[in-house]
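As structure tokens, the structure follows; a few thoughts come after it.
No value in this document is a laboratory result; all are computed from the given coordinates. Note that the structure is a prediction, hence the values are computed from the model and not measured. Because the Cβ atoms are built from the backbone with ideal geometry, glycine has one as well, and the counts that use them run over all protein chains shown.
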Amino acid sequence: MSMSTSSTAIREQAPEQVMPPAEPFLRMVVRRFLKHRLAVISLGVLVLLILASIIGPHFLPRFDALDLDNPNQAWPSLAHPLGTDELGEDVLARLLVAGRFSLFVGLTAAFLGVFIGTIVGAISGYFGKIVDTIGMRMTDMFLTIPLLMLLMVLSSFTRGKTFVPFLPQDLQQLPIIVAIIGTTSWMGVARLVRGEFLALREQEFVEASRAVGGKSFWIIVRHMIPNAMAPIFVAATLSVGDAILLESALSFLGMGVQPPVPTWGNMLTNAQQYMISTPWLAVYPGLMIFLVVVSINFIGDGLRDALDPKLKGR
Amino acid sequence: MAEPLLKVSGLQTHFFTEEGVVKAVDGVDFEVHRGQVLGIVGESGCGKSVTTLSILRLVAAPQGRTVGGQILFKGQDLLKLPEAQMRGIRGNRIALISQDPLTSLNPVLTVGEQIMEAIILHQHVDRRTARKKAIAALEAVGIPSAASRIDEYPHQFSGGMRQRVVIAMALSCEPELLIADEPTTALDVTIQAQILALMDDIRRQREAAIILITHDLGVVAEMCDYVAVMYAGKVVEYSDVATIFANPKHPYTRGLLKSIPQLGEKKSRLVPIEGQPPSLALLPPGCAFAPRCTEYTRKCSQQMPLLEQIDTNHMVRCWVTAGQQDTPAPAGATR
């Protein structure tokens with residue numbers, strides 16, 4: 001055969017790549033994200049808020065409820081930059097401590113929700129047929145339940161119970177609230193991931209993996225979820241904002257985190273009674289919620305643009 | 001001759017759709033021996049790809065099902081194996097080189113991770129060994145500086161290089177049978193030649209058998225030892241490559257050969273095969289090629305001819321040329 005003599009020669013001639021080394025994916029995403037000015041500012045605001053919540057309270061005066069010299073409902077002053085509340089506690093300090101809890105609940109609940117949503121969506125989209133029908137009708141069912149009502153019922157059932165042994169008693173409510181919000185806010189992500197998977201499942205690399213003997217679990221985890229990561233990431237970011245809002249709403253209605261553990265939501269509830277005498281008590285936590293949620297939404301927007309492969313040229 | 005590595009007989013894979021039963025593969029027989037290349041040729045939609053998917057049992061259920069026949073791989077019927085054992089064969093003993101290297105590589109994983117996939121799944125080795133083997137596989141398919149390119153992503157490779165990666169994936173577990181489904185259609189001609197030479201190398205060095213699916217008869221002449229010509233889900237002619245080109249018996253095979261342009265020949269027109277292939281859901285009762293056939297007789301539209309042996313290693317499914325015209329078909333042999 002003439003082929004046999006020429007084949008080795010051809011192999012050695014295999015052309016060396018002349019393509020320039022491609023930009024690493026992560027660097028490209030960062031570069032595109034940095035072009036989105038609002039998102040960058042928002043990220044700065046959010047990081048600042050998180051740092052302030054973690055570090056800030058250490059530098060502010062400790063509240064001592066027994067100190068009768070504490071002025072209550074004081075106007076903002078040098079000693080108390082945002083004034084004091086009805087018990088005489090420094091509002092700035094309380095606001096920052098509340099930030100710890102609100103942000104913690106928001107982040108963990110969103111993570112839980114995205115986790116559940118990804119699993120439900122992945123299974124529905126990958127297996128299709130009857131599995132898909134069951135998964136998606138379950139999702140629809142969850143969507144039809146008025147969320148706030150469900151949350152209130154759940155939280156009143158679980159109040160005062162101990163689920164996590166090593167936490168102090170007044171913090172027991174946090175994991176409960178996280179679990180409640182997380183298990184009731186996965187539906188959007190589930191639909192999104194299912195849609196992605198319906199398209200991914202037809203891709204040839206999925207069949208290629210099956211052709212080398214990959215099991216379903218392997219294909220889902222190894223091949224499909226990494227390909228769906230971009231939209232999942234965006235959805236996760238946005239759902240942090242939703243989770244913080246939900247927690248605030250719950251706490252505002254008195255069904256969420258209970259004082260003395262402060263969150264922005266229950267600070268709002270508290271401030272309600274003093275709307276006439278000290279209206280700023282309501283403004284601060286409201287402003288914080290607003291700032292965080294708006295920032296997160298802008299960050300999500302920026303991420304969506306940065307991760308969108310269709311905008312490669314930019 | 002020794003026992004064939006793969007022997008397919010009477011394979012039937014049907015798709016049960018709302019429009020009716022589509023008989024994508026309906027009577028396919030062939031053998032592949034170690035160190036040999038079998039070419040499967042035919043028009044688009046004649047069941048070539050479905051045949052290979054059936055061998056690997058990857059036809060999409062529940063619409064598609066292999067409803068009949070035998071696929072003996074080293075004497076073992078693949079159609080009767082449990083799924084877990086079948087997974088152990090895919091990629092390990094029988095590997096698939098798919099048509100389009102662009103879409104069959106996962107864009108978010110490095111090529112190394114993808115080549116290591118089969119090695120880790122089948123050989124139960126640690127990552128470091130798997131990585132060494134993957135580098136060796138890349139080197140074997142002629143990718144320069146494999147040790148550094150293994151950490152690159154598919155989009156950093158050119159088309160021909162990507163097809164080499166796909167072949168490296170298929171070779172990573174040293175399979176005994178390689179199925180290449182139009183491995184060169186997405187590539188330009190010079191790269192095509194390189195890839196084919198590479199596959200020929202593999203066949204000779206590893207004594208592997210190759211099933212090469214193509215509609216390029218030039219590739220068949222160059223590469224194959226045996227050829228199965230398919231039409232409308234059936235093998236219509238099967239022979240060694242010299243006989244197919246020198247002495248084609250089936251009118252369809254002759255038509256195919258006539259429709260190839262000859263270099264240096266001043267012909268004003270090619271001779272196409274008139275008409276369209278039939279819908280696989282509404283096959284005529286007789287020979288599926290009858291409506292387009294130049295040697296049509298009345299019998300052709302009444303009864304399906306059998307795949308008859310007319311010479312050593314030469315089988316034809318035709319009433320006219322196989323001289324079956326006068327012999328009445330045995331009862332129940334209408335397939």
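Treat each spin label as a single point 7 Å out from the Cα along the C-beta direction, and report the A:Trp280 to B:Val271 distance in nm.
Distance between label points: 9.9 nm.
Starting from the Cα-Cα distance between A:Thr144 and A:Ile50, subtract it from 0.36 nm times their residue separation and give me the gain in nm to one decimal.
Going from the current span to full extension adds 30.4 nm.
Mind giving me the nanometre distance, one decimal, between the label points for B:Gln76 and A:Phe290, set 7 Å out from Cα along Cα→Cβ?
Using points 7 Å along Cα→Cβ, the separation is 7.1 nm.
Could you work out which residue, out of B:Phe15, B:Phe157, B:Phe73, moves most in a Gaussian network model of chain B, that is, has the largest mean-square fluctuation with Cα springs under 10 Å?
It is B:Phe157.
May I ask you to derive the relative contact order of chain B, considering only C-alpha pairs under 8 Å and at least 6 residues apart, and to give it as an integer percent?
The normalised contact order for chain B reaches 20 percent.
Efficiency by 1/(1 + (r/R0)^6): what FRET value for A:Leu34 and A:Phe115, r their Cβ-Cβ distance, R0 = 30 Å, to the nearest 0.05?
Taking R0 as 30 Å, the efficiency between A:Leu34 and A:Phe115 is 0.55.
Which helices count as membrane-span-like in chain B under these terms: full DSSP H, at least 15 Å along the axis by C-alpha, Kyte-Doolittle mean of -0.5 or more?
B:111-123, B:159-171, B:189-206
Give me the net charge for the shell around B:Arg254: Cβ to Cβ below 15 angstrom, other residues only, Lys and Arg +1, Asp and Glu -1.
0
Would you mind ranking B:Lys23, B:Lys74, A:Lys161 by Cβ crowding within 10 Å, fewest neighbours first?
Neighbour counts put them in this order, fewest first: A:Lys161, B:Lys74, B:Lys23.
How far apart, in nm, are two points set 7 Å out from the Cα along the Cα-to-Cβ line at A:Phe157 and at A:Lys215?
Placing both labels 7 Å beyond Cα along the Cβ direction yields 3.4 nm.
Can you work out the FRET efficiency for the pair B:Phe245 and B:Arg128, with r the C-beta to C-beta distance and R0 = 41 Å, to the nearest 0.05?
Between B:Phe245 and B:Arg128 the formula returns 0.25.
Within a 10 angstrom radius of the beta carbon, how do A:Arg37, B:Arg204, B:Arg164 rank from fewest other beta carbons to most?
A:Arg37, B:Arg204, B:Arg164
Cut-off is 10 Å between beta-carbons; in what order do B:Leu38, A:Leu148, B:Leu282 appear when sorted fewest neighbours first? Before the final figure, lay out each step's value.
Numbers: B:Leu38 27, A:Leu148 14, B:Leu282 9.
Least crowded to most crowded, the residues run B:Leu282, A:Leu148, B:Leu38.
Work out the mean other chain Cβ neighbour count within 10 Å for the residues of B:190-201 and drop it here as an integer.
For peptide B:190-201, the averaged partner shielding equals 4.
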